[in-house]
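A short worksheet on the structure shown next.
The values are calculated or read from the model by the stated rules, or taken from the named source; none is laboratory data. If you're wondering where the values come from, they're calculated on a predicted model, not measured in any experiment. We place every Cβ from the backbone using ideal geometry, glycine too, and count neighbours over all the protein chains shown. Only protein heavy atoms, including side chains, enter the accessible area calculation; ligands, DNA and RNA are left aside. Shrake-Rupley method; radii C 1.70, N 1.55, O 1.52, S 1.80 Å.
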Amino acid sequence: MPADRGPKVWIVLGLFEPDLKLFERQLESLLAQAHTEFELIIAADGPHPDDVSAVVKTADDGRIHLEQFSERVGVHGNFARGLALALKRSARSDDLFAFCDQDDVWSPDKLREQVQAMQSLGVSLCHHDARIVGRDGSLVAPSMFALERRSPSMETLALLVMNSVTGMTAVFRKDVAEASSGFPMAATSQMLHDHWVALVASVLGEVRLLDRTLVDYVQHGANEVGSVPPARVPAWRNLLFGGPEYRLKCREQYAWRARALEALIALGTGTAEDGMLAYPQLMSFCLSNLATGRRRQAEQAWRLILGRFYSR
């Protein structure tokens with residue numbers, strides 16, 4: 001069977017003190033991809049042990065590039081410089097980009113299916129569901145989306161209120177990568193790199209959720225951000241009459257979303273508008289999600305309504 005050709009996918013893997021067994025297993029799943037046109041940029045956040053280099057050397061594949069940075073900048077900054085490096089090396093306008101964790105397992109069909117979807121659907125970003133497994137591969141939950149009760153809406157407002165795109169499930173266009181590069185909102189701890197890329201993709205095109213499960217997300221004690229079921233939503237009376245700490249949290253969450261919206265509008269194109277976080281839009285979003293049983297999204301929208309009020 002001839003090798004699968006097509007757009008090149010630049011995969012950025014953020015590396016920091018990995019579990020070597022899981023890291024090796026992840027590399028094996030990448031090298032088993034049916035879509036073979038990819039380059040893997042491993043961005044090491046600071047000095048790494050020699051055994052990490054040994055794992056890469058053992059893989060013996062010219063598509064793998066281990067890049068060590070002397071300064072440790074944390075997960076968001078590390079993905080930002082890894083993406084910048086991938087963009088610098090990308091030579092074609094139709095190149096695609098993806099994020100990768102150091103300890104998950106990709107289905108062999110992951111890249112092929114996403115590349116085909118990107119080409120046939122003409123979207124700016126596509127992503128998919130993931131299984132949650134233990135370190136030994138035992139099944140914890142068959143669907144991250146179901147476990148976390150994520151919203152199926154991929155519109156900009158829905159993504160502003162609550163992100164539904166996990167980095168290791170996403171493939172996105174070069175214009176999205178270029179507009180996202182640097183992750184300006186990553187200077188705060190409030191917005192992850194994948195959230196920012198999803199927002200940019202939503203204003204530059206369409207974000208599409210594929211009805212497929214193409215990654216095993218390995219849940220263990222060292223995850224930077226673990227998958228957890230949603231916490232019980234507080235009673236509405238508590239949301240209306242929360243104390244100082246709750247009001248501060250509401251103000252902070254509204255403030256960084258307002259900053260993110262300003263940055264999206266500054267891109268100069270797309271659908272982001274100043275009134276997107278206004279009371280009518282947020283209240284409509286809150287009520288519609290409450291009516292459809294998505295209390296988590298409704299409660300988060302209500303926090304932003306209060307945050308806007310408390311920030312006056």
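Reducing the range 34-112 and the range 150-207 to their Cα centroids gives an inter-centroid distance of 19 Å. Spacing of the modelled spin labels on residue 255 and residue 70, each 7 Å from Cα toward Cβ, amounts to 3.5 nm. Net charge dipole, the range 151-210: roughly 80 debye, given to the nearest 20, about the Cα centre with Cβ charges of +1 for Lys and Arg and -1 for Asp and Glu. With the Cα gyration tensor of the range 39-84 giving a ≥ b ≥ c as the square roots of its eigenvalues, does the rule (a/c under 1.5 for rounded; else a/b larger than b/c for prolate; else oblate) give rounded, prolate or oblate? Oblate shape, in that a/c is at least 1.5 and b/c is the bigger or equal ratio. In the context of the full set of protein chains, the range 17-56 has a per residue accessible area of 37 Å² (1.4 Å probe). Per residue, the accessible area of the range 63-144 comes to 42 Å² when a 1.4 Å probe rolls over the protein heavy atoms. Simple point charges give the picture: +1 on the Cβ of Lys and Arg, -1 on the Cβ of Asp and Glu, and for the range 124-187 a dipole about the Cα centre of about 120 debye.
In deg cm²/dmol, rounded to 500, what helix-only [θ] at 222 nm does the chain give when every DSSP H run of at least 4 residues adds -39500 (n - 2.57) and the total is split over its residues?
Numbers: 12 runs with 136 residues, N = 312.
That calculation yields -13500 deg cm²/dmol at 222 nm.
For the range 56-149, just say rounded, prolate or oblate: build the C-alpha gyration tensor, square-root its eigenvalues into a ≥ b ≥ c, call rounded for a/c under 1.5, and beyond that prolate if a/b exceeds b/c, oblate if not. Mind dumping the intermediate values first?
Working: a/c = 1.65, a/b = 1.19, b/c = 1.39.
Oblate.
Per residue and in Å³, how big is the convex hull formed by the alpha-carbon atoms of the chain? Could the numbers behind the result be given before it?
On the way: hull volume 44.8 nm³, N = 312.
Once divided by residue count, the hull of the chain is 144 Å³.
Using Cβ point charges alone (K and R +1, D and E -1), the dipole size of the chain about the Cα centre works out to roughly 1340 debye.
Here the Karplus relation 6.51 cos²θ - 1.76 cosθ + 1.60, evaluated at θ = phi - 60°, turns the backbone of the range 100-106 into coupling constants of 8, 8, 8, 9, 9, 10, 8 Hz, with x for every Gly and Pro. Taking amide hydrogens as placed 1.01 Å from N in the peptide plane, the amide H of residue 143 sits under 5 Å from those of 132, each at least 5 positions away in sequence or on another chain. Specify which residue in the list 80, 59, 41 is farthest towards the positive end of the charge dipole of the range 15-94, using unit charges on the beta carbon of Lys, Arg (+1) and Asp, Glu (-1), about the Cα centre. Result: 80, furthest along the dipole toward the positive end. Comparing 260, 134, 275 along the charge dipole axis of the chain, the residue lying farthest to the positive side is 275, per the Cβ-charge model. Of all DSSP-defined beta bridges confined to the chain, some 25% are antiparallel rather than parallel. Counting only residues at least eight positions apart within a chain, or on another chain, the lysines with an alpha carbon under 20 Å from that of residue 21 are 57. For the range 191-206, 3J(HN,Hα) computed residue by residue from phi via the Karplus equation (6.51, -1.76, 1.60; θ = phi - 60°) reads 10, 7, 4, 5, 5, 5, 4, 4, 5, 4, 4, 5, 9, 8, x, 10 Hz, glycine and proline entered as x.
Which whole-number percent gives the relative contact order of the chain, counting Cα pairs below 8 Å spaced six or more residues apart?
Values: 538 pairs, mean separation 56.8, N = 312.
Here the relative contact order equals 18 percent.
Projected label points at residue 21 and residue 284, each 7 Å from Cα along the beta carbon direction, are separated by 5.3 nanometres.
Subtracting the Cα-Cα distance from 0.36 nm times the residue separation, let me have the gained length for residue 51 to residue 190 in nm, one decimal.
Values: separation 139, 0.36 × 139 = 50.04 nm, distance 3.34 nm.
My answer for the length gained is 46.7 nm.
Converting phi to 3J(HN,Hα) with the Karplus coefficients 6.51, -1.76 and 1.60 and the offset θ = phi - 60°, the range 162-175 yields 7, 5, 10, 10, 8, x, 6, 9, 9, 10, 9, 6, 5, 5 Hz in sequence order, with x at every glycine or proline.
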